[in-house]
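Have a look at the structure below before the remarks.
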Amino acid sequence: MPSAKNKTLYVTGIMTGNSLDAVDIATFKVDLLGSSVESFKQVSFYSSPCSEELRAHVLDLKNKLRETRGRITPLVEQTLSSTHLIYHQAVNEALSEARRHVRAETGADLDLIGFHGQTLGHAPPSITARDARPYTIQLVDGGRIADAQSVVTVADFRSDDLLNGGEGAPFAPAFNAFLASTLGVEKAVFINAGNTSNIALITSSTQHVRGWDCGPCNQFPDLLMREERGALIDNEGVTAARGTVNGELLRLLWEQSVAREDGANALEVEGPRSFDPQWYRLPPELRDSRVPFEDRLRTVVAFSAYCIAHSLAIAAKSGYQPEKILLFGGGWKNRVLAGEFRSLLQGSAHYVIPKHQHLFRELPLTFRDLNSLVTSSDEVGLPSNGMEAGIFAFAALQRVLNRPFTHPSFTNCKSPTICGAVFLPRSGAVSETLQDLHLRDQRDIFKDLRLSRAAPDNQSRE
């Protein structure tokens, strides 16, 4: 382990979400005192739009893997090979440009990269049938990134957690818990509004964090906009703002949108859980053109807010009362989502499902002063643009420091789990600070370097 003296690392996290709108890259300056992380500050953010070609390739590959339940058949292999090349070329090009920004802004270069990869399939324990083996599939070649950039890279974070009995997600609570120490409050909630929303409940004095995926968030609004308006998103919720929430359609969304393999409603599962778009189903009534498009869009946005508010209601039922609720993720740019969320907390929403009335009735009592309670992470000095990519910068740091990244309280893993595989570049010098950590290249633990170790075929050959 490093000696007890101050050292600095520049660590980058790379994230491409399920919407595949961009390659997001956030870089952080990390100050270490020995092996203790003294500060973790974002210094640069770069986002490179994904091409339509890349989106089409990934979607095609996801669909084929859904049909084979993650198995790499000859037909899947053909698509996997081409998608692997296109995806990693896009990531490497974006990363090279991001590095130029880092050098210009800080005069420093990267020491470490955390690379999540692209999720192709995710079947965690909370979703799968009792007799089925959980799996998670990321398109993630850490060795290719390490060699192309000549920088130590950590990748394949989900596999270790899932192979230790966990959900393999959500990961945001781990990073949120670390950031919470800078807020000066005892209890804080972080809510991420991505393709899926997730929540982290943090108690600073005990360093305890609970968390889980709340439900679909950007998934359904973006889907309707693509299908019926030919647009990637409803920018700032302008179209949804013209509609009205349909309570019956919202009830159908709750009952049908996320089903377990055994047919049960996955949204009714309490405690650690994780979702993936492969499990989402938009009820046919939400595509019925006899209902105005604006009303259907407003309803799926309200449903996104409803899933988040329901999770907060579960937290309130357990007696958890935060001093701050911090919002991050692209979904909060939709003003309708933010407005519906506030109306649910205030008790003014008219569409609460009858069986949830007792839960939602407590929200206005628990969360009284919303103006001081609810804020964006930006307003407390935590840039939201790099929050999701920052998860994997922090995960990479935890891995090289040999520290657990996930815990049973938010992924349901059997024990605190060190996550990720280390890839040392085949050329180029490892930074002095990382040399002190005596890292070992882990390419040999992969059956297929292109995919995560918890992919079905990789598991079956172990």
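The values are calculated or read from the model by the stated rules, or taken from the named source; none is laboratory data. The shown structure was predicted, so the numbers you read here are calculated from the model rather than taken from an experiment. FYI the Cβ positions are ideal-geometry reconstructions off the backbone, even for glycines, and counts take in every protein chain you see.
Remarks
- Total residues in the stretch 206-216, condition in contact with a strand residue (DSSP E or B) (Cβ under 9 Å, 6 or more places away or on another chain) and more than 18 Å from SER377 (Cα to Cα): 7
- Residue selected from the stretch 408-432 under the condition hydroxyl-bearing (Ser, Thr, Tyr) and surrounded by 17 or more Cβ atoms within 10 Å (Cβ to Cβ), by the criterion farthest from the chain's Cα centre (by Cα): SER431
For (1) more than 20 Å from ALA180 (Cα to Cα); (2) out of contact with any Asp or Glu (no Cβ under 9 Å at 6 or more places or on another chain), each residue gets a yes or a no:
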residue: PHE328; (1), (2): no, no
residue: ASN334; (1), (2): yes, no
residue: LEU345; (1), (2): yes, yes
residue: HIS356; (1), (2): yes, yes
residue: THR366; (1), (2): yes, yes
residue: ASN371; (1), (2): no, yes
residue: ASP378; (1), (2): no, yes
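- Among the residues of the stretch 122-166, those that are in contact with an Asp or Glu (Cβ under 7 Å, 6 or more places away or on another chain) and surrounded by fewer than 24 Cβ atoms within 10 Å (Cβ to Cβ) comprise PRO125, SER126, THR128, ALA129, ALA132.
- Among the residues of the stretch 1-27, those that are touching a helix residue (DSSP H, G or I) at 6+ places or on another chain (Cβ under 9 Å), in a strand (DSSP E or B) and not β-branched (Val, Ile, Thr) comprise LYS7, LEU9, TYR10, GLY13, MET15, ALA22, ASP24, ALA26.
- Residues that are part of a helix (DSSP H, G or I), among the aliphatic types (A, V, I, L, M) and farther than 12 Å from LEU312 by Cβ, drawn from the stretch 337-376: LEU337, ALA338, LEU365
- Residues of the stretch 125-146 satisfying the condition of being at pLDDT 95 or above and either among the β-branched types (Val, Ile, Thr) or in contact with a Phe, Trp or Tyr (Cβ under 9 Å, 6 or more places away or on another chain) (or both): THR136, ILE137, GLN138, LEU139, VAL140, ASP141, GLY142, GLY143, ARG144, ILE145, ALA146
- Considering each residue of the stretch 312-325 in turn, at least one proves to be assigned to a loop (DSSP other than H, G, I, E, B), among the hydroxyl-bearing types (Ser, Thr, Tyr) and within 29 Å of THR182 (Cβ to Cβ).
- Yes/no for LEU120 being assigned to a loop (DSSP other than H, G, I, E, B) and touching a strand residue (DSSP E or B) at 6+ places or on another chain (Cβ under 8 Å): no
- Within the stretch 28-64, the set of residues being without any contact (Cβ under 8 Å) to a residue 40 or more places away in the chain and either in a strand (DSSP E or B) or not assigned by TED's automatic domain parsing to the domain that holds GLY121 (or both) comprises ASP31, LEU33, SER36, GLU38, SER39, LYS41, PRO49.
- Among residues of the stretch 252-293, those that are of a type in the set (Asp, Glu), surrounded by fewer than 16 Cβ atoms within 10 Å (Cβ to Cβ) and more than 15 Å from ALA123 (Cβ to Cβ), counted: 4
- Pick from the stretch 447-457, criterion closer than 19 Å to ARG133 by Cβ and in contact (Cβ under 8 Å) with a residue 60 or more places away in the chain, ranking: surrounded by the most Cβ atoms within 10 Å (Cβ to Cβ): SER452
- For the stretch 433-446, the candidate set comprises residues that are more than 14 Å from GLY142 (Cβ to Cβ) and in contact (Cβ under 8 Å) with a residue 12 or more places away in the chain; within that set, the residue that is surrounded by the most Cβ atoms within 10 Å (Cβ to Cβ) is LEU434.
- Filter result for ALA169 (in a helix (DSSP H, G or I) and either within 30 Å of PHE446 (Cβ to Cβ) or assigned by TED's automatic domain parsing to the domain that holds LEU434 (or both)): no
- Among the residues of the stretch 394-416, none is identified as among the small types (Gly, Ala, Ser), under 16 Å from GLN207 (Cβ atoms) and outside any helix (DSSP H, G or I).
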